[in-house]
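Some notes on the structure that comes next.
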Amino acid sequence: METTVMIGEKPKVASKLANALGNYSTKTNRGVKNYVIETDERRIIIAPAVGHIFNLEQISEGWDYPVFDVEWRPIFETSDSSDYVKKYYNNLRDQIEKADTYINACDFDLEGSVIGANIIKHMADPDEERIERMKFSTLTQSDLQEAFDNLEGFDKGMTDAGITRHTLDFYYGVNVSRALMQAVRENNRYKTLSTGRVQGPTLKILADKEREIRAFEPDDYWEIFLKHSEFDAKLSYGSDDRIWDEDEANGIFLTVKDEGRTEVTDIDINNYSHNPPIPFNLTGLQSEASSQFNISPKKTQSIAQTLYENSLISYPRTESQKLPPKIGYKDILGKLKSQDSYEDLAKKVMKKDSLSTTQGKKKDDAHPAIYPTGEHPSGLSKQERKVYDLIVKRFFAVFGKAAKRRSLTMTLTVEDYDFQAKSKITVERNWFDLYDPYVKVSEAALPELEVGDILDVEGFDLEDKETQPPQRYSQSRIVNKLEKENLGTKATRASTIDRLYNRNYIEGDPINVTDLGLAIVDTLEDHIPDLLSPDLTREFEEKMESIRQGEETSEGVIEKAREDLDKMLGKFKDQEKEIGAELVNTIDDERKRRRKLGPCHECEEQGREDGMLRIIKSKGSSFVGCSNYPDCENTYPLPNTGKVNSTDQECSTCGKPVIYVERKKKKSYSMCVDPDCPSKDDW
DNA sequence: GCAAGGTC
């Protein structure tokens, strides 16, 4: 009898495959569940991967560049964080030992082709005729069944394309990162630096904004307000009510300022609908969790993963903004109804005659948008509870009817000048009731007046204002921007941003680009400009498509990239020391700045000038000392665990500098540098 | 010590 091993991309999918394809028995091996389907002539073992089991690594030793010799190696061999992969790896190896033929049933995209093909190739290396590819675009029973009935041959085109993309990313990313670090090394400094196809353009987008903000010079403008006892009305002027000329503003103000009365000359009412929101995809959830709770996109992603693993929500790494009826609206609503906190809302939704949801434009072949399963949550942390509640309320809201809102613009005339007061109110709440407390709309009512009414004026204000610099990117806004630019994927965008923080290229939220971040962009602009442009991703995509179609070969594309990089990196190497010298200056300045905490109180009390507290590192430990040492011996100890960061805050109790201690596994915290500060009495 | 991509 023939034994076939079918590989699913992840455990959940392996289970769905089994359910769709027939009667199965389960067989747990090394803690991993496999599914066995037996027919008269064939035994199919469905075994799960967990995403990539193999990773590209350098074959040779050392940190020289350029490096072009790479091979696929088991992922847990080189990454501690991938320990959990080991049992899946071992299980796959055990199952594949028994196999005569193989089916790659990973997701139908380049990554899925690579994940499955690597497992088959590196664990068995059979003839290609013994490998089949199962192509499905949703995980529904009918789609899976159909895909299984129409298995195709080994998908060499997609596999080659995928492997080529990985190789190019390695070539560009690793080599240019090493070049940057080596340039700094030549100047006797050591700093982890990195860039790549996604990191580069991401940093560039942020740096452009930073430059725009730093170069920004505000313009003065004036606005004039009419003050009524219950509201303010703004002078209608030009296209946006701003007066750019001071004399003109003064002239108008003088004309109206002593008027005691005004007439209502127009009331414009506009009724409009405020549509319910669309279902969450990962980016949407990250944005909303950021604006509602100030939780970072990366944290939201990991919370969502936990909720998913606890069966509380559907698969979170989805691009989809659609919730098809197939997910079983009624069933989910029924389960939510049995949770005390959602009983009323679930009832409200279920009362509707027909259930349908709003839909966003984005789709995802493998998964619907994020929705709650209805299972009862227990033991959730505070933040997990918040994100879960947000997902549930959003699920309710997408079934809701549009809210009815009314905007009113009232025009008040004084002399020849019109002033306008605006209000917006909600007439029918509808979906607002399903999404509270997350509805963010302004509610401002005006008194009920009619055209022709004469009102008393309390006075007029002439306000001198300044134009504002462009807004910085928040973490969630940059994740959105990356999605729009097609940079990275749903699963990687948040961690790309995180990496830029870890490299000290960016800091804060909203995001500031550090001088180091700007210097990296400058350096790349001068020497490897390709790595700053989103076009590199587009070019890669086009090349992968032509490899897939057989118009170009993987070898040809890789060789070309190698030649290009050889040239660019050769030139870079010739100027290594000079390039590094500039980077080193900013690295030194940035380090000093990050270690600087604030003025030394001891020095202030003793009347010494300019004492500055800073973090001092010696022999692997660190403490806080004063720049006036040895004249000032003021020191404070620092915690042994976690990374200490300076802040620009002062302790509200004693006025000494506040530090921020960043911890990996536990919660990060802020505290006063002084261990004896009264703010710590109840610690 | 370096990428980007998948996932528990």
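For segment A:386-428, enumerate the residues that are open to solvent by less than 60 Å² (accessible area, probe 1.4 Å), under 30 Å from A:Val451 (Cβ atoms) and touching a helix residue (DSSP H, G or I) at 6+ places or on another chain (Cβ under 9 Å).
Within segment A:386-428, A:Ala402, A:Ala403, A:Val414, A:Phe419, A:Thr426 qualify.
Yes/no matrix, rows are residues, columns are (1) in contact (Cβ under 8 Å) with a residue 60 or more places away in the chain; (2) open to solvent by less than 40 Å² (accessible area, probe 1.4 Å); (3) within 15 Å of DNA strand B (Cβ to nearest atom):
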{"site": "A:Ser229", "(1), (2), (3)": "yes, no, no"}
{"site": "A:Ala233", "(1), (2), (3)": "yes, yes, no"}
{"site": "A:Asp245", "(1), (2), (3)": "no, no, no"}
{"site": "A:Ala249", "(1), (2), (3)": "yes, yes, no"}
{"site": "A:Thr262", "(1), (2), (3)": "yes, yes, no"}
{"site": "A:Asn281", "(1), (2), (3)": "yes, yes, yes"}
{"site": "A:Ser287", "(1), (2), (3)": "yes, yes, no"}
{"site": "A:Lys299", "(1), (2), (3)": "yes, no, yes"}
{"site": "A:Ser314", "(1), (2), (3)": "no, yes, yes"}
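Report, by residue number, each residue of segment A:322-357 that is part of a loop (DSSP other than H, G, I, E, B) and open to solvent by 30 Å² or more (accessible area, probe 1.4 Å). Reasoning before the result, please.
Going through segment A:322-357, the residues part of a loop (DSSP other than H, G, I, E, B) turn out to be A:322-324, A:328, A:338-339, A:351-357.
If the condition is that a residue be part of a loop (DSSP other than H, G, I, E, B) and open to solvent by 30 Å² or more (accessible area, probe 1.4 Å), then A:Lys322, A:Pro324, A:Ser338, A:Lys351, A:Lys352, A:Asp353, A:Ser354, A:Leu355, A:Ser356 are the ones that fit.
Find the residue count for segment A:201-222, including only residues that are assigned to a loop (DSSP other than H, G, I, E, B) and in contact (Cβ under 8 Å) with a residue 60 or more places away in the chain.
Count: 3.
Being surrounded by fewer than 22 Cβ atoms within 10 Å (Cβ to Cβ) and either in contact with a strand residue (DSSP E or B) (Cβ under 9 Å, 6 or more places away or on another chain) or under 20 Å from A:Tyr315 (Cβ atoms) (or both) narrows it down to one residue among A:Asp100, A:Asp125, A:Asp83; which is it? Working first, answer last.
Details: A:Asp125 fails: either in contact with a strand residue (DSSP E or B) (Cβ under 9 Å, 6 or more places away or on another chain) or under 20 Å from A:Tyr315 (Cβ atoms) (or both); A:Asp83 fails: either in contact with a strand residue (DSSP E or B) (Cβ under 9 Å, 6 or more places away or on another chain) or under 20 Å from A:Tyr315 (Cβ atoms) (or both).
Among A:Asp100, A:Asp125, A:Asp83, only A:Asp100 is surrounded by fewer than 22 Cβ atoms within 10 Å (Cβ to Cβ) and either in contact with a strand residue (DSSP E or B) (Cβ under 9 Å, 6 or more places away or on another chain) or under 20 Å from A:Tyr315 (Cβ atoms) (or both).
Looking at segment A:99-115, is at least one residue in a strand (DSSP E or B), in contact (Cβ under 8 Å) with a residue 40 or more places away in the chain and under 24 Å from A:Asp169 (Cβ atoms)? Before the answer, list the steps.
Filtering segment A:99-115 down to residues in a strand (DSSP E or B) leaves A:101-105.
With the extra rule that they be in contact (Cβ under 8 Å) with a residue 40 or more places away in the chain, the set shrinks to A:101-105.
Narrowing the set further to residues that are under 24 Å from A:Asp169 (Cβ atoms) leaves A:104.
Scanning segment A:99-115 turns up at least one residue that is in a strand (DSSP E or B), in contact (Cβ under 8 Å) with a residue 40 or more places away in the chain and under 24 Å from A:Asp169 (Cβ atoms).
Checking A:Gly51 against (1) open to solvent by 50 Å² or more (accessible area, probe 1.4 Å); (2) within 10 Å of DNA strand B (Cβ to nearest atom), which test does it fail?
Of the numbered conditions (1) open to solvent by 50 Å² or more (accessible area, probe 1.4 Å); (2) within 10 Å of DNA strand B (Cβ to nearest atom), the odd one out for A:Gly51 is (1).
Working only within segment A:429-458, note down all residues that are open to solvent by less than 70 Å² (accessible area, probe 1.4 Å) and either among the aliphatic types (A, V, I, L, M) or in a strand (DSSP E or B) (or both).
The answer is A:Leu434, A:Val439, A:Val441, A:Ala444, A:Leu446, A:Leu449, A:Leu455, A:Val457.
Out of curiosity, is A:Phe154 touching a strand residue (DSSP E or B) at 6+ places or on another chain (Cβ under 6 Å), aromatic (Phe, Trp, Tyr) and in contact (Cβ under 8 Å) with a residue 24 or more places away in the chain? Give the steps one after another, and end with the answer.
Details: touching a strand residue (DSSP E or B) at 6+ places or on another chain (Cβ under 6 Å): yes; aromatic (Phe, Trp, Tyr): yes; in contact (Cβ under 8 Å) with a residue 24 or more places away in the chain: yes.
Here the answer is yes, as A:Phe154 does meet what is asked.
Do we find that A:Gly31 is under 19 Å from A:Val13 (Cα atoms), near DNA strand B (Cβ under 8 Å from one of its atoms) and surrounded by fewer than 19 Cβ atoms within 10 Å (Cβ to Cβ) in this structure? Break it down stepwise before answering.
Working: under 19 Å from A:Val13 (Cα atoms): yes; near DNA strand B (Cβ under 8 Å from one of its atoms): no; surrounded by fewer than 19 Cβ atoms within 10 Å (Cβ to Cβ): yes.
The answer is no for A:Gly31.
Please work out which one of (1) over 25 Å from the mean Cα position of the chain (by Cα); (2) surrounded by 15 or more Cβ atoms within 10 Å (Cβ to Cβ); (3) assigned to a strand (DSSP E or B) is the condition A:Pro66 fails and give its number.
Every listed condition holds for A:Pro66 apart from (3).
Is it the case that segment A:59-71 has a residue that's under 24 Å from A:Tyr315 (Cα atoms) and either of a type in the set (A, V, I, L, M, F, W, C) or touching a helix residue (DSSP H, G or I) at 6+ places or on another chain (Cβ under 8 Å) (or both)?
Quick first cut of segment A:59-71, residues under 24 Å from A:Tyr315 (Cα atoms) only: none.
No, the conditions are met nowhere in segment A:59-71.
Which of the residues belonging to segment A:136-151 are within 16 Å of DNA strand B (Cβ to nearest atom) and open to solvent by 40 Å² or more (accessible area, probe 1.4 Å)?
Selection gives A:Ser137, A:Thr138.
A quick yes/no check of all residues on (1) within 30 Å of A:Lys227 (Cα to Cα); (2) basic (Lys, Arg); (3) within 22 Å of the chain's Cα centre (by Cα); (4) not assigned by TED's automatic domain parsing to the domain that holds A:Arg429:
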{"position": "A:Ile269", "(1), (2), (3), (4)": "yes, no, no, no"}
{"position": "A:Ser302", "(1), (2), (3), (4)": "no, no, yes, yes"}
{"position": "A:Pro325", "(1), (2), (3), (4)": "no, no, no, yes"}
{"position": "A:Leu336", "(1), (2), (3), (4)": "no, no, no, yes"}
{"position": "A:Lys347", "(1), (2), (3), (4)": "no, yes, no, yes"}
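Only one of these is away from DNA strand B (no atom under 13 Å from the Cβ), open to solvent by less than 70 Å² (accessible area, probe 1.4 Å), among the small types (Gly, Ala, Ser) and modelled with pLDDT under 95: A:Gly556, A:Gly517, A:Gly508. Name it. Before you say what the answer is, go through the steps one by one.
On the way: A:Gly556 fails: modelled with pLDDT under 95; A:Gly517 fails: modelled with pLDDT under 95.
Exactly one residue qualifies, and that residue is A:Gly508.
Hey, could you check segment A:481-502 for residues that are open to solvent by less than 50 Å² (accessible area, probe 1.4 Å) and near DNA strand B (Cβ under 8 Å from one of its atoms) and say which is nearest to A:Thr318 (Cα to Cα)?
Filtering first and then ranking leaves A:Ala491.
How many of the residues making up segment A:179-230 are under 22 Å from the mean Cα position of the chain (by Cα) and of a type in the set (D, E, K, R)?
If we filter segment A:179-230 for residues that are under 22 Å from the mean Cα position of the chain (by Cα), which is where we start, we get A:193-210.
Subset that is of a type in the set (D, E, K, R): A:197, A:204, A:208-210.
Number satisfying all stated conditions: 5.
Looking at A:Gly360, A:Gly374 in this structure, which one is surrounded by 13 or more Cβ atoms within 10 Å (Cβ to Cβ), at positive phi and either in a loop (DSSP other than H, G, I, E, B) or of a type in the set (Lys, Arg) (or both)?
A:Gly374
Which of the residues that make up segment A:273-285 are touching a strand residue (DSSP E or B) at 6+ places or on another chain (Cβ under 9 Å) and not in a loop (DSSP other than H, G, I, E, B)?
If the condition is that a residue be touching a strand residue (DSSP E or B) at 6+ places or on another chain (Cβ under 9 Å) and not in a loop (DSSP other than H, G, I, E, B), then A:Ser273, A:His274, A:Phe280, A:Leu282, A:Gly284, A:Leu285 are the ones that fit.
Could you give every pair whose Cβ atoms fall below 8 Å, whose first residue belongs to segment A:188-200 and is over 9 Å from A:Arg503 (Cβ atoms), and whose second residue is of a type in the set (Asp, Glu) and near DNA strand B (Cβ under 6 Å from one of its atoms), counting only separations of at least 6 or pairs across chains?
Short answer, once both residue conditions are applied: A:Gly196/A:Asp169; A:Arg197/A:Asp169.
Restricting to segment A:152-196, what's the tally of residues that are open to solvent by less than 40 Å² (accessible area, probe 1.4 Å), part of a loop (DSSP other than H, G, I, E, B) and near DNA strand B (Cβ under 9 Å from one of its atoms)?
The total comes to 5.
What number of residues within segment A:607-662 are in contact with a strand residue (DSSP E or B) (Cβ under 8 Å, 6 or more places away or on another chain), in a strand (DSSP E or B), more than 11 Å from A:Arg595 (Cβ to Cβ) and not charged (D, E, K, R)?
Residues flagged as in contact with a strand residue (DSSP E or B) (Cβ under 8 Å, 6 or more places away or on another chain), in a strand (DSSP E or B), more than 11 Å from A:Arg595 (Cβ to Cβ) and not charged (D, E, K, R) within segment A:607-662 amount to 11.
The values are calculated or read from the model by the stated rules, or taken from the named source; none is laboratory data. What you see is a predicted model, and the numbers here were worked out from it, not measured in a lab. Positions of Cβ are generated from backbone atoms using ideal geometry, with glycine treated the same way; all protein chains shown enter the neighbour counts. The protein model used for the area step is the full one, side chains on, heavy atoms only, and it has no ligands, DNA or RNA in it. Shrake-Rupley method; radii C 1.70, N 1.55, O 1.52, S 1.80 Å.
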